[in-house]
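Undergrad: One structure is given below, represented as structure tokens, and several questions about it will come after.
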Amino acid sequence: MKKILIVDDDPIIRNLLEQILEPFAEKDIEILIAENGLVALDIIKEKQPELIFLDVMMPKMNGFEVCQKIKNNPTDKIPYIIMLTAKGQETDKEKAKASGADCYITKPFNINDLLNKVSEILQVNLN
Amino acid sequence: MSKLFKKTLIMIVILFMIIAFTIAISTGWNLYNDLLQEYKSKGTAIAKSIASSSIETLLNRDASTIQAMIDRFLEISGVSYIFVVDANGEIISHTFVPTIPEEISKIKNDKPKDTYVKEIVFENMGIFIDITSPILEGIAGYVHVGMDKSNIIAQIKSAMLRQLLLISLIFIFSIIIAYMLVNKVSQPLNALTDYAKKLTLHDFSSPVDIKSDDEIGLLANTMKSMATDLHEVFDRYEQAINDAIVELQNTLAYLTAVIDNMADGLLVTDTDGVITHVNPALSHMFNMRESDFIGRDCRSIFGDKFAEIVEKSITNSEEIFTTEIELAQKRIGKAVATGIHKDTIQSDEKGIGAVILIRDITSEKEVDRMKTDFISTVSHELRTPLTAVKGFTEIIKKRLEDDIFPNVTTDNKRVLKSILRIRDNINIILSEGERLTALINDVLDISKLEAGRIDWKLENVRPADAIEQAIIATSALFEQKKLPLIKDIDENLPEIICDKDRIIQVIINLLSNAVKFTDSGSVTCRAQKLEDSILVSISDTGTGISETEKDHVFEKFRQAGDTLTDKPTGTGLGLSICRQIIEHYGGTIWVESELGKGSTFYFTLPLKNINDVSDISKITYNNIEKEYK
């Protein structure tokens, strides 16, 4: 079973993403939730999700650090990471790239774009 | 003794000597002739007298009588000797003591017919005038009378001496009188000379005591009045000069006070960039003493960037140059350099130096940084709820459209109307959400542009690629409105060095504007190479912009049309951002438009100099004026 992990400290955004990704949940894809980077790393170790939505601005450990940790972790499966940030600054894009993120989406995002992207990555046809 | 007198005295003495000697000689000569004549006639008389009275005695051969007679005549002054010879030339008697000189033998045999005078020289005795008188026509003998010529010479000598002495005495006396006279004339002249000397030393108060009414007195009076006039003139000038000096000192003190009390640091260099003046504020800014600056090259203290703006401002009178500079205690200053040019100097000549103002902008920088931080925080804080609003609205819309509305099976008109309204309202929420997102993005962009906080990437960009990417990004808009896009792009456009994303941003902005304001017709995108730049234009056949609006479209929060009555469909920041980006690269952006017929937006990007867009900003005076307004 494929898994998607949502990492965000904001419960509303977590909720939103969960609802957006509902069509995938209906297709037997597990949606996992983590409210911070440390929890996320534990979940990743345990569940090894295929796709991770990673917020940048988080307390304790920011998205870049989490991303770096994931990418440097020699687990057998390396997940696809989509960074989510409110900041549209060039430096953030560069940082995201440098920390190993595969994709970078600025809030607020377009739901259809997001859904298309996910189905492309997970090879799941929603229609 | 006056110099004048000394000079003339030598001449006078020489002249006097010539005259005195001439007179003495001529007198001596006359005296000599007179005495000679007198001696001759005296001698002749004596000789004749002896001759006439001695005839008998001679005939009697009475020598002693003759001797007595001649001895008597010897007492007469001038007579030196007398001797008598008989007809045979034998000396009968004579007055020679003790012996007859040898030279007598030469003349004792002379037998003149009449009285005869001749000169004879006796060795050891001198020159004599010998007068021979025959006795009884020479039959009885001859009488010789010798007159001493040296007597004459002695007399002449003494006479001449006396005369010279007398003349000399008269001369000395006259000299003394002349000296006194000259002195009397030269004394006031000397006094006047001294007076004039004092005048040249600007001593106008010294008295001159000449009261005579001759020319010298007149001269003295003239000089006195001249001195008074001069004194007045000098006084007036001195006063004027003093006034001017005081005024100058005041002005200088004023200027110095102004410069010294300036809050900004002031620094002046000569044309070689050597520091000639700094004010206390500047010394304080760098925590150095004034003496640490003066005479040093500004490059050695402030670095290359600073020296560069100084150099540029010296050679360029039209522009001023700015740069940031590190101050003491990690503070930041902004240096503004202006060339100092005299009005008379031609613009292409080098000026006389540069004046640099340095302002501590640490707090401004801090405020700026805080502003930027604030904006990014705000934008972050806005984006997160906006994401939720937008996201949930979309989900609601999806759920309504997918699950709710299809299952509403009622004929209640009210319900059906509500469904239409809800659909409408949700779409409005979504489009306004989009607009809010765009606005936040634009505000963030413009605040970064204005704060200079954009990291401009420098990469080789093919203009055609940038245009193509912008067209792809806006293709959805064209499809929505079913508008055709006509491309007319020169295939041989040269590469430019700039930030590709920014250029794409500009083109997207212009293209989406064109679509937004055009309902029918087409949009045309052209690109061509000009002499030293690339010209891109985007034309539409839309509503167009009125003349009055045209000047304002590049201003912030300005859109064509009335924002109160027309429904705003953009952020009002797009063109302002475009202008900032294009001007950053030294290009220009402008619009040509006719109301109702469409608009064409143009922008140029220079091919050269894009590399030059460094942190040394060039500001023209016009721009500064704008800034201050």
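The values are calculated or read from the model by the stated rules, or taken from the named source; none is laboratory data. Everything numeric in this text was worked out from a predicted model, so none of it was measured. We place every Cβ from the backbone using ideal geometry, glycine too, and count neighbours over all the protein chains shown. For the accessible areas, the whole protein counts, side chains as well, though only heavy atoms, and no ligand, DNA or RNA atoms are used. Shrake-Rupley method; radii C 1.70, N 1.55, O 1.52, S 1.80 Å.
Undergrad: From the list B:Thr228, B:Thr222, B:Thr193, B:Thr200, exactly one residue is open to solvent by 50 Å² or more (accessible area, probe 1.4 Å), more than 30 Å from B:Ile23 (Cβ to Cβ) and in contact (Cβ under 8 Å) with a residue 24 or more places away in the chain. Which is it?
TA: Among B:Thr228, B:Thr222, B:Thr193, B:Thr200, only B:Thr228 is open to solvent by 50 Å² or more (accessible area, probe 1.4 Å), more than 30 Å from B:Ile23 (Cβ to Cβ) and in contact (Cβ under 8 Å) with a residue 24 or more places away in the chain.
Undergrad: Right, something else. Filter the range A:93-127 down to the residues that are among the acidic types (Asp, Glu) and more than 14 Å from chain B (Cβ to nearest Cβ), then identify the one that is most open to solvent (accessible area, probe 1.4 Å).
TA: A:Glu120
Undergrad: Only one of B:Ile508, B:Ile472, B:Ile497 is in a helix (DSSP H, G or I) and either closer than 24 Å to B:Gly586 by Cα or not assigned by TED's automatic domain parsing to the domain that holds B:Gly572 (or both); which?
TA: B:Ile508
Undergrad: Inspect the range B:134-153 for any residue being farther than 19 Å from B:Leu36 by Cβ and loosely packed, with under 14 Cβ neighbours inside 10 Å and give the result as yes or no.
TA: Checking the range B:134-153: at least one residue is farther than 19 Å from B:Leu36 by Cβ and loosely packed, with under 14 Cβ neighbours inside 10 Å.
Undergrad: While we're on this one: Name the residue that is most open to solvent (accessible area, probe 1.4 Å), counting only residues in the range B:356-401 that are farther than 30 Å from B:Ala307 by Cα and more than 12 Å from chain A (Cβ to nearest Cβ).
TA: B:Phe374
Undergrad: Yes or no: the range A:35-53 includes at least one residue that is within 14 Å of another protein chain (Cβ to nearest Cβ) and either touching a helix residue (DSSP H, G or I) at 6+ places or on another chain (Cβ under 8 Å) or buried (at least 19 other Cβ atoms within 10 Å of the Cβ) (or both).
TA: yes
Undergrad: Residues being closer than 27 Å to B:Lys6 by Cα and part of a loop (DSSP other than H, G, I, E, B): count how many of those fall in the range B:185-228.
TA: The number of residues fulfilling the criteria is 7.
Undergrad: Need at least 3 residues that are modelled with pLDDT of 85 or more and open to solvent by 20 Å² or more (accessible area, probe 1.4 Å) per element, so show me which helices (runs of 4 or more DSSP H) inside the range B:531-629 make the cut, counting only ones lying wholly within it.
TA: B:574-584
Undergrad: Further question on the same structure: In this structure, does B:Ile358 turn out to be part of a strand (DSSP E or B) and either hydrophobic (A, V, I, L, M, F, W, C) or under 23 Å from B:Asp270 (Cβ atoms) (or both)?
TA: yes
Undergrad: May I pose another question? So which residues in the range B:426-455 are loosely packed, with under 12 Cβ neighbours inside 10 Å and more than 12 Å from chain A (Cβ to nearest Cβ)?
TA: If the condition is that a residue be loosely packed, with under 12 Cβ neighbours inside 10 Å and more than 12 Å from chain A (Cβ to nearest Cβ), then B:Ile428, B:Ser431 are the ones that fit.
Undergrad: Filter the range A:10-31 down to the residues that are within 21 Å of B:Val389 (Cβ to Cβ) and in a loop (DSSP other than H, G, I, E, B), then identify the one that is least open to solvent (accessible area, probe 1.4 Å).
TA: Per the stated criteria, the residue is A:Leu21.
Undergrad: Only residues that are touching an Asp or Glu at 6+ places or on another chain (Cβ under 9 Å), surrounded by 13 or more Cβ atoms within 10 Å (Cβ to Cβ) and modelled with pLDDT of 80 or more: list them for the range B:105-121, please.
TA: B:Tyr116, B:Val117, B:Ile120
Undergrad: Another question, then. Inspect the range B:32-45 for any residue being in contact with a Ser or Thr (Cβ under 9 Å, 6 or more places away or on another chain) and of a type in the set (A, V, I, L, M, F, W, C) and give the result as yes or no.
TA: No, every residue in the range B:32-45 fails to be in contact with a Ser or Thr (Cβ under 9 Å, 6 or more places away or on another chain) and of a type in the set (A, V, I, L, M, F, W, C).
Undergrad: Quick check, is A:Phe64 aromatic (Phe, Trp, Tyr) and under 15 Å from A:Lys2 (Cα atoms)?
TA: It is false that A:Phe64 is aromatic (Phe, Trp, Tyr) and under 15 Å from A:Lys2 (Cα atoms).
Undergrad: Tally up the residues in the range B:45-75 that are open to solvent by less than 30 Å² (accessible area, probe 1.4 Å) and of a type outside the set (Gly, Ala, Ser), please.
TA: Residues flagged as open to solvent by less than 30 Å² (accessible area, probe 1.4 Å) and of a type outside the set (Gly, Ala, Ser) within the range B:45-75 amount to 7.
Undergrad: I want to confirm something. Restricting to the range B:456-496 and keeping residues that are of a type in the set (A, V, I, L, M, F, W, C) and free of Cβ contacts under 8 Å to residues at least 40 places away in the same chain, which single residue is least open to solvent (accessible area, probe 1.4 Å)?
TA: Only one residue tops the list, namely B:Ile489.
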